[in-house]
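Just so it is clear, none of the values below were taken in a lab; they were calculated from the coordinates. These numbers were taken from a predicted model, which means no experiment stands behind them. Cβ: placed from backbone, ideal geometry, glycine included. Neighbour counts: every protein chain shown.
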Amino acid sequence: MAKITLERVRHSYLENPESADDWALKQLDLVWSDGGAYALLGPSGCGKTTLLNVISGLLRPTEGRVLFDDRDVTGVASDRRDIAQVFQFPVVYDTMSVYDNLAFPLRNRRVPEKQVKQRVQEIARMLELQEVLGNRASGLTADGKQKISLGRGLVRSDVNVIMFDEPLTVIDPHLKWQLRSKLKELHQEVGATMIYVTHDQTEALTFADHVVVMHSGEVVQIGTPVELFEKPKHTFVGHFIGSPGMNLLPCKLIDGFPTFFGYRLETPEVVRPPAGGGRMEIGIRPEFIRFADDGLPVEIVKVDDVGRHRIVAVEHNSHAIKLVMPEEAPIPGERGYLAFERDKTNVYADGWIIT
Ligand code: ADP
Ligand code: MG
């Protein structure tokens, strides 16, 4: 196992990249520490698979270096990197039995049969494949095949990293839930560095200790689920994580405090305007706003009951704001006043938090 470092990595699929948009990976400096459980989260097309392929060696980056511990592996072929990669769609040998499929990565490394048997049975037990070990892989459903792919990814105990590229896409919802928790357990059991790619925030937050959020070829934040929730570094993170996402209110800085249509909000510290100026916004999550006796006057537009809590949509000067309220909390009828939790009120300039 190893620490993985990406040093000034950029990648373009084009011969002569010119504008920023020509780069699938714009510039990455990233360290994945040994044994970590990471999620790589971002919308489709943001560069997740490209990044995985750079780590695994399926793709040589246009610029920059990839290090496993202190060894430069940038030019090392994928099969010499000791990594396991599980793809979005199952990769199995149809003519082989389930057992032989799982055994394949080990036999390939000339692991003695006795150990192969032990390890295959262990993995089969974890993934509930014991009953079908003797069957041909071709007879299995898409779910079953993807479980084999997962098993093949997990079977070797000597890999530097195990990477999962949206592996639960083809799995039915019930099993998805089960496998997701299982992968988390497996990480604790195996202790290998794992990178789990997904565009689904719930999947990312359940699996990972650290979430790496990507947006159009850039990493916008690396943090624990709590950090991403409480202090999104970029408005994209605020909007992409959370349901509903973070509220964004256009503001002006007056005497070091953000004001929204003339109403001043309190922040933990005085906010200094960035040197270059930029578009200013207040970011506050719906969970950190409540109704009060005075504050920002709003009209109540809609109340949605979503089970454990309610989502209240309000407006000030035609600008929409959302609140998440506990079931039992009272909600005013037509009009009310909002109070904003000071410590959770962030200010952004051109999308980036001002600290
Ligand atoms: P994700 O996995 O986050 O959906 P990808 O890494 O697959 O994103 O893609 C990032 C960008 O690179 C996209 O704009 C995509 O169209 C482009 N891209 C991906 N693979 C190739 C390829 N083989 N050739 C050219 N462009 C590609
Ligand atoms: Mg992808």
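Which residue, ASN16, GLY139, GLY75, has the largest displacement toward the positive end of the dipole of region 4-235 when charges sit on each Cβ (Lys, Arg +1; Asp, Glu -1)?
GLY139
Between ASP343 and SER19, 0.36 nm times their residue separation minus their Cα-Cα distance comes to what?
Value of the extension gain: 112.8 nm.
Mind telling me which of GLN115, GLN146, GLN221 comes out most flexible in a GNM of the chain, alpha-carbon contacts under 10 Å?
GLN115
Against the longest alpha carbon principal axis of the chain, how many degrees, from 0 to 90 and to the nearest 10, is the axis of helix 173-190 turned?
Helix 173-190 sits at roughly 70 degrees to that axis.
Just to be sure I understand: if I project the alpha-carbon convex hull of the chain onto a plane and average over all orientations, what area do I get in nm²?
About 21.6 nm², averaged over all directions.
If you average 1/r over all unlike Cα pairs in region 1-82 and invert the result, what Kirkwood radius do you get in angstrom?
Hydrodynamic radius (Kirkwood, Cα only) of region 1-82 equals 13.2 Å.
Quick one: longest stretch of the chain between exposed loop chymotrypsin sites (Phe, Trp or Tyr not before Pro), exposed meaning at most 15 other C-beta atoms within 10 Å and loop per DSSP? Walk me through the intermediate numbers first.
Values: sites that count: TYR13, TYR93, PHE261.
Counting at most 15 other Cβ atoms within 10 Å as exposed, the longest clean stretch of the chain is 94-260.
So what is the 222 nm mean residue ellipticity for the chain from helices alone, if each DSSP H run of at least 4 adds -39500 (n - 2.57) and you divide by all residues, rounding to the nearest 500 deg cm²/dmol?
After summing the helix terms and dividing by the residues of the chain, the value is -7000 deg cm²/dmol.
What do you get for the angle between helix 113-126 and the principal long axis of the chain? Use alpha-carbon atoms, 0 to 90 degrees, nearest ten.
30
Taking only Cα atoms and a 10 Å spring cutoff, compute GNM fluctuations for the chain and point out the largest among ARG152, ARG125, ARG285.
Taking springs between Cα atoms under 10 Å, the residue moving most is ARG125.
Summing Lys, Arg as +1 and Asp, Glu as -1, what charge do residues with Cβ under 13 Å from the Cβ of GLU315 carry, GLU315 excluded?
Values: positive: LYS302, LYS322, ARG335; negative: GLU299, GLU334.
Taking every other residue near GLU315 into account, the sum is +1.
For ASP29 and HIS174 in the same chain, what is the full-extension length gain: residue separation times 0.36 nm, less their Cα-Cα distance, in nm?
On the way: separation 145, 0.36 × 145 = 52.20 nm, distance 3.70 nm.
Between ASP29 and HIS174, full extension yields 48.5 nm more.
Looking only at SER149, SER19, SER97, which one moves most when the chain is put into a Gaussian network model with springs between Cα atoms under 10 Å?
Its mean-square fluctuation being the largest, the pick is SER19.
If you add up the charges near VAL76, with Lys and Arg at +1 and Asp and Glu at -1, over every other residue whose beta carbon is less than 12 angstrom from its beta carbon, what do you get?
Here the count lands on +2.
Among the aspartates and glutamates, select those whose C-alpha is under 19 Å from the C-alpha of LYS231, and discard any that sit fewer than 8 residues away in the same chain.
ASP209, GLU218, GLU266, GLU269, GLU281, GLU287, GLU341, ASP343, ASP350
In whole percent, what relative contact order does the chain give with Cα contacts below 8 Å and a gap of six or more residues?
RCO, the chain: 16 percent.
Hey, what's the Cα Rg ratio for region 250-353 versus the globular rule of thumb, 2.2 N^0.38 Å?
Here the answer is 1.12, to two decimals.
Expressed as an acute angle from 0 to 90° and rounded to the nearest 10, what is the orientation of the C-alpha long axis of helix 98-108 relative to the principal long axis of the chain?
Between the helix axis and the principal axis of the chain, the angle is about 80 degrees.
Report, in debye and to the nearest 20, how large the dipole of region 149-230 comes out about its Cα centre when Lys and Arg carry +1 and Asp and Glu carry -1 on their Cβ.
Around 320 debye, computed over region 149-230.
Checking a compactness column here: for region 180-332, what do you get for Rg(Cα) / (2.2 N^0.38 Å), N being the number of residues? Working shown, then result.
Values: Rg = 18.3 Å, N = 153, 2.2 N^0.38 = 14.9 Å.
That ratio works out to 1.23.
Please give, to one decimal in nm, the separation of the simple spin-label points placed at GLU7 and ARG60, each 7 Å out from Cα toward the Cβ.
Roughly 1.8 nm, to one decimal.
Between region 86-105 and region 1-57, how many Å separate their Cα centres?
The distance from the Cα centre of region 86-105 to that of region 1-57 comes to 27 Å.
Just name one of ALA192, GLY47, PRO173: the one whose Cα is farthest towards the positive end of the charge dipole of the chain (beta-carbon charges, Lys/Arg +1, Asp/Glu -1).
ALA192
Place a +1 charge on the Cβ of each Lys and Arg in the chain and a -1 charge on the Cβ of each Asp and Glu, then give the dipole magnitude about the Cα centre in debye, rounded to the nearest 20. Don't skip to the answer; put the middle values down first.
Working: 41 positive and 49 negative charges, 214 e Å.
Dipole magnitude for the chain comes out near 1020 debye.
Would you please give the FRET efficiency between GLU266 and ARG308, computed as 1/(1 + (r/R0)^6) with r the Cβ-Cβ distance and R0 = 35 Å, to the nearest 0.05?
It comes to 0.75.
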